[in-house]
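Engineer: Structure provided below as structure tokens; questions to follow.
The values are calculated or read from the model by the stated rules, or taken from the named source; none is laboratory data. What you see is a predicted model; the values in this text were computed from it and never measured. Counting neighbours? That spans all protein chains shown, and the Cβs are built from the backbone with ideal geometry, glycine included. Only protein heavy atoms, including side chains, enter the accessible area calculation; ligands, DNA and RNA are left aside. Shrake-Rupley method; radii C 1.70, N 1.55, O 1.52, S 1.80 Å.
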Amino acid sequence: MEWVDKIPEGSLRALINGYLPVITLLGLILILPLIFQGVATSYEKRKTLSGVQNSIVGRYFYYQLANIYITVTAGALWTSLAEIIDHPQNLLKILGEKLPKLAGYFISLLITKTLAGLPMVLLRVGALSRMMFLRSCFNKKRLSQRELMEVYRKQPIYYGWEYPTQFLVIIICFTYACITPFVLPVGSVYYFFALLVYKKQALYVYSPTYESGGRMFPQAISKTLFALLISQLTFIGYSLLRKGVLQVRL
């Protein structure tokens, strides 16, 4: 990336320095499920589609969790790493001090997911691009029935892409429910529109291609319990910092 330093001072340099890391991170997030899918099929040698999606769900969920919680609090965690090893109880102190200050950030994240993420699910960029390409390059009257069905074909639901987002919203709501209750109506609005979006997708877009036998259900339960664990640790640290020993015991 040395070429960035060779760009003359000006608006172009500021634009590249400001947006290049963001674009790189967003691009990485978009291709991560494909990387995890390759790991599941090539390295882990998983043979079933449900097993591959189950592996993607776990890895993608923990990446999103680390990307939000650890990246935002990286300074506190890295500078206090030695102290945490010597005194593990300081982890509660860090959670109690840092996470409550990030409530506004996470509320903005939920609003962004509601206003931008869910419409993107409805938009189906891949199918829309394919339809626009065929309509712009070919005459509809000359397309065969098979080609027309290919444009409007149903698609399977990719659990490795969809589940981690829902788990992440649960974690945010559980963590800040006692600290910043305003996150609860924001989370409720997200899940209300998510219900409408995914119900429409399930009825008209998604088509089952395999039976997993409920293999994703244990993942959903374990991630929900993990969200509760993080929220309890955060609330304990938040209460202890404010001398609320009785509240912790209750």
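Engineer: Tell me, which helices (runs of 4 or more DSSP H) wholly within the range 147-250 include 2 or more residues that are modelled with pLDDT of 85 or more and within 21 Å of THR112 (Cβ to Cβ)? Walk me through it before giving the result.
Structural biologist: Numbers: elements: 159-176, 183-204, 216-241, 245-249.
Hits in the range 147-250: 159-176, 183-204.
Engineer: Looking at the range 101-118, which of its residues are open to solvent by 60 Å² or more (accessible area, probe 1.4 Å) and of a type outside the set (Ser, Thr, Tyr)? Explain how you work it out, then say what you get.
Structural biologist: First, pick out the residues of the range 101-118 that are open to solvent by 60 Å² or more (accessible area, probe 1.4 Å): 101, 105, 108, 111-112, 115.
Scanning the range 101-118 gives LYS101, ILE111, LEU115.
Engineer: Just to be sure I understand, how many residues within the range 113-131 are assigned to a helix (DSSP H, G or I) and among the charged types (D, E, K, R)? Reasoning before the result, please.
Structural biologist: Going residue by residue through the range 113-131, those that are assigned to a helix (DSSP H, G or I) are 113-123, 125-131.
The next check asks that each one be among the charged types (D, E, K, R); those that pass are 113, 130.
The qualifying residues number 2.
Engineer: Also, quick follow-up: Residues to consider are LEU228, LEU168; find the one that is on the phi < 0 side of the Ramachandran plot and open to solvent by 30 Å² or more (accessible area, probe 1.4 Å).
Structural biologist: Details: LEU168 fails: open to solvent by 30 Å² or more (accessible area, probe 1.4 Å).
Only one candidate qualifies: LEU228.
Engineer: Do you know which of the residues in the range 35-67 that are open to solvent by 30 Å² or more (accessible area, probe 1.4 Å) and of a type in the set (A, V, I, L, M) is modelled with the lowest pLDDT?
Structural biologist: ALA66
Engineer: With respect to LYS200, is the statement that it is of a type in the set (D, E, K, R), out of contact with any Lys or Arg (no Cβ under 6 Å at 6 or more places or on another chain), in contact (Cβ under 8 Å) with a residue 24 or more places away in the chain and open to solvent by less than 30 Å² (accessible area, probe 1.4 Å) true?
Structural biologist: Numbers: of a type in the set (D, E, K, R): yes; out of contact with any Lys or Arg (no Cβ under 6 Å at 6 or more places or on another chain): yes; in contact (Cβ under 8 Å) with a residue 24 or more places away in the chain: yes; open to solvent by less than 30 Å² (accessible area, probe 1.4 Å): no.
Spelling it out, it is not the case that LYS200 is of a type in the set (D, E, K, R), out of contact with any Lys or Arg (no Cβ under 6 Å at 6 or more places or on another chain), in contact (Cβ under 8 Å) with a residue 24 or more places away in the chain and open to solvent by less than 30 Å² (accessible area, probe 1.4 Å).
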